[in-house]
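Asker: Dropping the structure in here first, questions after.
The values are calculated or read from the model by the stated rules, or taken from the named source; none is laboratory data. These figures come from a predicted structure and were not determined experimentally. Every residue, glycine among them, receives a Cβ derived from its backbone with ideal geometry; neighbour counts consider all protein chains shown. Surface areas here come from the heavy atoms of the whole protein model, side chains and all, with no ligands, DNA or RNA. Shrake-Rupley method; radii C 1.70, N 1.55, O 1.52, S 1.80 Å.
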Amino acid sequence: MDRTFKLTCAIFFVMVIQGCNPFESTFDKQVNACKEDVKLGLGDPGSLEIISTEGIDLDNGWYRVKLNFTAKNAMGGRVRGDAICGFKDKNTIELNSEDFMNQERKLARDLKALGIR
C-alpha cells in the first residue's frame, strides 16, 4: 500500500475512535450543539434523553432546531421539555447569539465560561 493511503486510513481511524464522525450531517452537529447548550441548564445533564428533533426554516434565512427531550428534575423524576436553538443558517453549527431563542440559556453559558456550574 502506498504511504498516503496508510496515512489517510490512520487519520480516519483516529477520528472515529475520538468521536469525530466525518459522516455526521450538519443537522446532527446542530442537534449536538443544542443538546450541549441545553445540558448547561439542567441539574442532571447526564439524564438528558432526546425524544425527537425538528429543523425549522425562518423567513429571514436563519435556522432553528427544536428538541423534545426528557431529563431528571431535582427530585429525580423524569420530566419532558422542549428547547429551540437558533443558528444563522442551515450550514452553521455555532449557536446564533442574535437569536432570542438562545438568550434564555445565555446565563448558563456565561457561568460555565467562568468555571461556575
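Asker: Pairs only if they're at least six apart or on different chains, beta carbon under 6 angstrom, first in the range 56-74 and closer than 11 Å to LEU42 by Cβ and open to solvent by 60 Å² or more (accessible area, probe 1.4 Å), second part of a strand (DSSP E or B) and hydrophobic (A, V, I, L, M, F, W, C); list them, first residue then second.
Answerer: So the pair list comes out as ASN73/VAL79.
Asker: Hey, another quick one. Mind checking which residues of the range 63-91 are aromatic (Phe, Trp, Tyr) and either farther than 16 Å from GLU36 by Cα or outside any strand (DSSP E or B) (or both)?
Answerer: TYR63
Asker: So which of ARG80, ARG3 ends up being at pLDDT 95 or above and charged (D, E, K, R)? Write out each step before concluding.
Answerer: On the way: ARG3 fails: at pLDDT 95 or above.
Checking each option against the conditions leaves just ARG80.
Asker: Do we find that ILE51 is at pLDDT 95 or above, over 24 Å from GLU98 (Cβ atoms) and open to solvent by 40 Å² or more (accessible area, probe 1.4 Å) in this structure?
Answerer: Judged against the criteria, ILE51 is a match.
Asker: Residue under question is ASP37, and the condition is that it be charged (D, E, K, R) and in contact with a strand residue (DSSP E or B) (Cβ under 9 Å, 6 or more places away or on another chain); does it hold?
Answerer: Yes.
Asker: Anything in the range 92-117 that is surrounded by 11 or more Cβ atoms within 10 Å (Cβ to Cβ), at pLDDT 90 or above and assigned to a loop (DSSP other than H, G, I, E, B)? List them, or say none.
Answerer: Step one: of the range 92-117, the residues surrounded by 11 or more Cβ atoms within 10 Å (Cβ to Cβ) are 92-93, 95-97, 99, 101-112.
Then drop every residue that is not at pLDDT 90 or above, which leaves 92-93, 95-97, 99, 101-102.
Passing the criteria: THR92, ILE93, ASN96, SER97, ASP99.
Asker: Residues in the range 34-62 that are outside any helix (DSSP H, G or I) and either among the basic types (Lys, Arg) or at positive phi (or both): how many?
Answerer: So the count comes out to 1.
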